[in-house]
Amino acid sequence: MPARLGVPCLSLRPVDAANIDAVRALAPQAAQQGFIASNADSLAMAAGHAHMHARAIHAGEVLVGFALYAEPGPAGRQDTHVLYRLMIAAGSQGQGHGRRALDLLLADMRARGAARVALYYAPDNQLARQLYASAGFVETGIDPDGEMMAVRAPA
């Protein structure tokens with residue numbers, strides 16, 4: 001994503017052997033930890049699924065967050081990608097990284113053929129609700145695991 005004056009360029013990079021330990025160590029603010037699985041748990045989940053894409057979020061050369069999304073698997077809607085995780089580390093929040101990372105993730109999914117993106121979040125997570133609503137996601141209800149589901153076209 002192009003940098004604004006004084007704001008480092010945000011980029012998504014694959015999680016690999018060179019950055020996996022740093023990605024695992026990232027954490028949201030203490031009050032947010034109940035809203036999202038740890039990066040270590042998310043990476044373990046992704047390791048068993050070839051259709052999942054783990055991304056390190058960088059502002060310039062600084063690691064600021066983590067995202068995980070999946071292309072359609074063998075079951076379910078074949079036009080739908082799922083954003084499983086989007087987290088910005090505690091010390092990097094409040095700088096617009098979450099919204100800019102979401103835009104990059106949607107563009108990446110669109111380039112991979114997504115006609116629809118679904119995501120889930122804790123219903124009490126007001127910051128997530130506001131972020132996703134501002135990006136055009138529409139809540140569709142609570143899933144069997146108690147998480148809010150929201151969807152949108154990635155265009």
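Quick one: length gained pulling His49 to Ser134 fully straight, 0.36 nm per residue minus the C-alpha distance?
Extending this stretch completely gives an extra 27.6 nm.
The apolar share of the surface of the chain, taken as the fraction of accessible area on carbon and sulfur atoms (1.4 Å probe, ligands and nucleic acids excluded), comes to 56 percent.
Could you give the dipole magnitude of the chain about its Cα centre, charging the beta-carbon of Lys and Arg +1 and that of Asp and Glu -1, in debye to the nearest 20?
Dipole size: approximately 440 debye.
Note on Glu147 and Ala30: their simple-model spin labels are 2.6 nm apart, each label 7 Å out from Cα toward Cβ. Each label was represented as a point 7 Å from its Cα along the Cα-to-Cβ direction; for Glu61 and Ala115 these points are 4.4 nm apart.
Average accessible surface for the range 86-155: 46 Å² per residue, computed with a 1.4 Å probe over protein heavy atoms with every protein chain in place. A Cα-only calculation for the chain places Rg and Dmax at 14.7, 45 Å.
The values are calculated or read from the model by the stated rules, or taken from the named source; none is laboratory data. From a predicted model like this one, the values you see are computed outputs, not experimental measurements. Heads up, the Cβs are rebuilt from the backbone with ideal geometry, glycines too, and the neighbour counts pull from every protein chain shown. Note: accessible area is taken over every heavy atom of the protein model, side chains too, but ligands, DNA and RNA are not part of it. Shrake-Rupley method; radii C 1.70, N 1.55, O 1.52, S 1.80 Å.
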